[in-house]
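Structure first, then comments.
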Amino acid sequence: MSSFKNNVKSANAGIRYFFQTERNGRIQAIVSSIILLVSWFFGINRFEWCLVIFCIALVMSLEMVNTALERVCAMLSTEYHPMVKIIKDVAAGAVWWASIFCIIIGAIIFLPYVMKFFNLQIT
């Protein structure tokens, strides 16, 4: 099997592991599906689609990296270590930080559509 095929196979195994073992991954997949359906319902434009897809990919990717770092830390030490705590906290912080900004981007994109749908105006 070629190197590329092996890489794709390994990557798919990692993605499968993530969704099978991580509750947050499954929750994010459900939320992402809802966001994609809402995007389709409102008929967002191409640029907005790019932002929505980028935000979903960013948060999911960071969550996968966070999971990988948690597994490495667990493998290296079963005892409490302050550096392990920092590694895990920073990785979780990266997911949270990206999530906050993606929520802001989502609000900027969807608020006008929601307001128009409900015939609301900002006064």
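Mind checking whether some residue in the stretch 39-50 is over 19 Å from Ile104 (Cα atoms), of a type in the set (Lys, Arg) and assigned to a helix (DSSP H, G or I)? The answer is no, given that none of the residues of the stretch 39-50 is over 19 Å from Ile104 (Cα atoms), of a type in the set (Lys, Arg) and assigned to a helix (DSSP H, G or I). Here Ser32 passes the criteria (1) exposed (fewer than 12 other Cβ atoms within 10 Å of the Cβ); (2) polar (S, T, N, Q); (3) under 17 Å from Phe18 (Cβ atoms) except the one numbered (1). Kindly check whether there is at least one residue in the stretch 88-105 that is surrounded by 12 or more Cβ atoms within 10 Å (Cβ to Cβ) and not in a helix (DSSP H, G or I). The answer is no; no qualifying residue exists.
What number of residues within the stretch 60-86 are buried (at least 16 other Cβ atoms within 10 Å of the Cβ) and of a type in the set (Val, Ile, Thr)? Working first, answer last.
Restricting attention to the stretch 60-86, the residues satisfying the condition of being buried (at least 16 other Cβ atoms within 10 Å of the Cβ) are 60, 62-64, 66-67, 69-70, 73, 84.
Okay, now just the ones that are also of a type in the set (Val, Ile, Thr), so 67, 84.
So the count comes out to 2.
Could you please let me know if Ala13 is over 21 Å from Ile108 (Cα atoms) and in a helix (DSSP H, G or I)? Answer is yes for this residue.
Going through (1) under 25 Å from Ile104 (Cβ atoms); (2) in a helix (DSSP H, G or I); (3) touching a helix residue (DSSP H, G or I) at 6+ places or on another chain (Cβ under 7 Å) one by one, Leu69 falls short only on (1).
We did not get these values from a lab; they are worked out from the coordinates using the rules stated. Not measured: the values here are computed from a predicted model. All Cβ positions, glycine included, derive from the backbone under ideal geometry; neighbour counts span all protein chains shown.
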